[in-house]
Amino acid sequence: MKIKMKFTNKLLKALPGIIPGGISVQDFSAIIKTEDHESKNILESLFKIGIGSKQEEKYYFEKGDKLKTAINLIERGFPLDEISIDLNWKDFEGLTAEILESKNFAIIRNLILTKPRMEIDVIGIRLGVAMLIDCKHWKKYDESSLTKAVKKQIERTKRYISKTPGAIAVPVIVTLYHDKIDFIDRVPIVPIFQFSSFVDEFYGHMEEMNTIET
């Protein structure tokens, strides 16, 4: 158990340093703020589980490697909110999409609607219902900013419905930091660490949500 915990801690520590391109042990040490020998150990651990490659004195990461590491941590039971801290907004969207995909949702990312221009971060579709998600990678929240975000997401959902005949859609806000699932105008505000269980229970609670259809 201690070995498993030690390994997950290494993976978590590695997240800020997993940047696309080549990186030396010394540069990795500077980013994650640790000694060179510890950095080498972490990089080797990543390499052994198929994250990154190495050539001579450098380790190479691809665009999806940070997200792959985050998913590995989730699978090992590490808290989602702690993992998400080291993800940028794009990674955060990717993590949200990955959770939906793992539960057999069809995924659309960064859908652009025109006249007026609107963007929907992540759409998950299953059983004829679309979950339209706005990912908020904010570190601080207040009711006013969340209320504005909800209002905009409802507008995006109505626009999506108007362009998608026969669709049923539910606006959802997924946040980085939040204590629990809340509702504003019947729109769920879901902290990332509870998103997986929210998706599991989604269809059983649709009557409580702001379901929009044509």
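The values are calculated or read from the model by the stated rules, or taken from the named source; none is laboratory data. The model shown is predicted, which means the values in this text are computed figures rather than measured ones. Neighbour counts run over all protein chains shown; Cβ positions are idealised from the backbone, glycine included. Note: accessible area is taken over every heavy atom of the protein model, side chains too, but ligands, DNA and RNA are not part of it. Shrake-Rupley method; radii C 1.70, N 1.55, O 1.52, S 1.80 Å.
For region 137-214, the number of Lys pairs separated by eight or more positions or lying on different chains, with C-alpha atoms closer than 24 Å, is 15. Give the lysines reachable from LYS10 as a straight Cα distance under 23 Å; neighbours fewer than 8 places away on the same chain don't count. Within reach: LYS2, LYS33, LYS40, LYS48, LYS54, LYS58, LYS63, LYS66, LYS68, LYS90. The residues of the chain have, on average, 53 Å² of accessible surface per residue, using a 1.4 Å probe with all protein chains present. Ordering of 65-77, 25-37 by packing is 65-77, 25-37, highest average first (other Cβ atoms within 10 Å, averaged per residue). Annotation: aspartates and glutamates with alpha-carbon distance below 16 angstrom to LYS6 (same-chain offsets under eight excluded): GLU38, GLU44, GLU75, GLU82. Under the criterion of Cα pairs below 8 Å and six or more residues apart, the relative contact order for the chain equals 14 percent. A simple charge model with +1 on the Cβ of Lys and Arg, -1 on the Cβ of Asp and Glu and nothing else charged puts the dipole of region 112-214 at about 580 debye relative to its Cα centre. Helical runs assigned H by DSSP (4 residues or longer) give the chain a calculated mean residue ellipticity at 222 nm of -13000 deg cm²/dmol, each run adding -39500 (n - 2.57) before division by the residue total. Only protein atoms count toward the accessible area here, which uses a 1.4 Å probe; on the chain, the carbon and sulfur part of that area reaches 52 percent.
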